[in-house]
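A short write-up of the structure that comes next.
The values are calculated or read from the model by the stated rules, or taken from the named source; none is laboratory data. Owing to the predicted nature of the structure, the values given are computational and were not obtained by experimental measurement. Cβ placement follows ideal geometry from the backbone for every residue including glycine, while neighbour counts extend to all protein chains displayed. These accessible areas exclude ligands, DNA and RNA; they are computed on the full protein's heavy atoms, side chains included. Shrake-Rupley method; radii C 1.70, N 1.55, O 1.52, S 1.80 Å.
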Amino acid sequence: MKLGKRWLPAHILVWTYAVLLVVPLYYFLASAFKSNDEIFAHPFAPPSSLGLGNFRTAFESADLGLAVVNSALVTVFSLALTLLLAIPASFALARSTGRLAGVVEKVFSLGFLIPTFAALFPTFLLAAATGLFHTRIFMVLFLPATALPLSVVILVQFMRTIPPEMEEAARLDGASTFAVLRHVYTPMCLPGIATVLLLNFLTFWNEYLYSLVIIGPDPAQRTVQVALPTLKSITGTDYGVLTAGTVLTLVPVWLVYTLLQKRMQQALVSGAVKM
């Protein structure tokens with residue numbers, strides 16, 4: 001009984017937090033199946049029907065199908081380039097013990113201090129100078145640069161936990177440096193790689209400011225986050241349609257999280273044990 005009373009405040013806080021999450025989520029999902037009149041008249045009432053009219057209107061009005069494809073292309077290629085750069089860099093920093101490696105690692109950490117909006121104007125000038133303004137290619141090259149500080153810091157910490165004896169054993173078997181990275185470090189850092197993938201996927205998929213400025217509103221190239229606000233002007237602020245469009249854009253996020261959540265949980269548990 002004493003133990004139960006001791007945990008009572010914690011249970012109350014947990015359930016309160018759960019309610020604060022569930023109620024907005026319910027309102028959000030229910031609104032996707034309602035008209036404007038239903039949303040304002042009965043905001044928390046269940047929808048009268050589960051028709052897909054709002055989803056169909058959102059998909060067709062904002063051309064969300066093409067926008068989702070554009071976002072997927074930018075996100076997938078950006079993630080691939082991020083890992084292609086971050087994994088070897090982390091491997092080199094994790095194995096190095098000199099002062100230069102420490103300086104380089106701190107330089108990567110300084111990337112956290114640069115606000116997103118502060119680099120907007122230089123990025124705009126760079127895109128114009130390279131002739132890649134209003135192209136998805138520039139975003140594919142730019143987004144990994146913004147993700148490298150976090151990616152390298154996370155992966156370096158994971159790679160430093162790998163015993164040196166593992167590399168020594170691989171060297172005795174004749175493994176090259178690339179083979180050690182591919183067959184020893186990378187498999188043992190899969191939870192960290194999954195964490196980097198998930199965090200960067202959320203960032204890349206939800207990126208709006210640079211996509212709007214660099215790629216622009218061209219329907220043939222715009223990403224899903226740039227296409228969504230057009231529903232407001234096209235439909236005269238039909239909040240049911242706008243909410244339905246937002247739900248459609250969250251489906252890929254839910255799928256990726258479902259696939260990577262176990263690996264990320266392993267990373268969190270692994271980090272807790274190491275501490």
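For a quick check, take a GNM of the chain with Cα springs below 10 Å and name the residue from Ile137, Ile215, Ile193 with the largest mean-square fluctuation.
Top of the fluctuation ranking is Ile137.
Which shape class applies to the range 91-237: rounded if a/c is under 1.5, otherwise prolate when a/b exceeds b/c and oblate if not, where a ≥ b ≥ c are the square roots of the Cα gyration tensor eigenvalues?
It is prolate, given that a/c is not under 1.5 and a/b is the larger ratio.
Post the alpha-carbon centroid distance, the range 201-245 to the range 25-40, in whole angstrom.
For the range 201-245 versus the range 25-40, the Cα centre distance is 20 Å.
In the chain, which helices (entire DSSP H runs) extend 18 Å or more along their own long axis, judged by Cα positions, while averaging at least 0.5 on the Kyte-Doolittle scale?
Within the chain the helices that satisfy the rule are 2-31, 64-95, 136-159, 190-205, 239-274.
If amide hydrogens are placed 1.01 Å from N in the peptide plane, which non-local residues have theirs closer than 5 Å to the one on Asp63?
The answer is none.
Set Lys and Arg Cβ to +1 and Asp and Glu Cβ to -1, take the dipole of the chain about its Cα centre, and tell me which of Phe138, Pro163, Ser78 lies farthest positive.
So the residue furthest toward the plus end is Pro163.
222 nm [θ] for the chain, helices only, -39500 (n - 2.57) per DSSP H run of 4+, per residue, to 500?
After summing the helix terms and dividing by residue count, I get -23500 deg cm²/dmol.
If you place +1 on the Cβ of every Lys and Arg, -1 on the Cβ of every Asp and Glu, and leave all else neutral, what size is the dipole of the chain about its Cα centre, to the nearest 20 Debye?
Roughly 860 debye, rounded to the nearest 20.
Springs between alpha-carbon atoms under 10 Å, Gaussian network over the chain: tell me which of Tyr17, Tyr239, Tyr210 tops the mean-square fluctuations.
Tyr17
I need the peptides 220-231, 78-89 ranked by packing, meaning the mean over residues of other C-beta atoms within 10 angstrom, with the highest value on top.
Listed from highest to lowest mean packing, they are 220-231, 78-89.
Roughly how many Å² is the accessible area per residue of the chain, as a whole number, for a 1.4 Å probe?
Accessible area per residue, the chain: 59 Å².
Taking R0 as 45 Å, what's the FRET efficiency between Arg6 and Arg263 from their Cβ-Cβ distance, rounded to 0.05?
Between Arg6 and Arg263 the formula returns 0.85.
Please give the charge dipole size of the range 12-165, origin at the Cα centre, charges +1 on K and R Cβ atoms and -1 on D and E Cβ atoms. Round to the nearest 20 debye.
For this selection, approximately 500 debye.
Answer rounded, prolate or oblate for the range 1-92, using the Cα gyration tensor with square roots of eigenvalues a ≥ b ≥ c: rounded when a/c is under 1.5, else prolate when a/b is larger than b/c, else oblate.
Because a/c hits 1.5 or more and a/b fails to exceed b/c, the range 1-92 counts as oblate.
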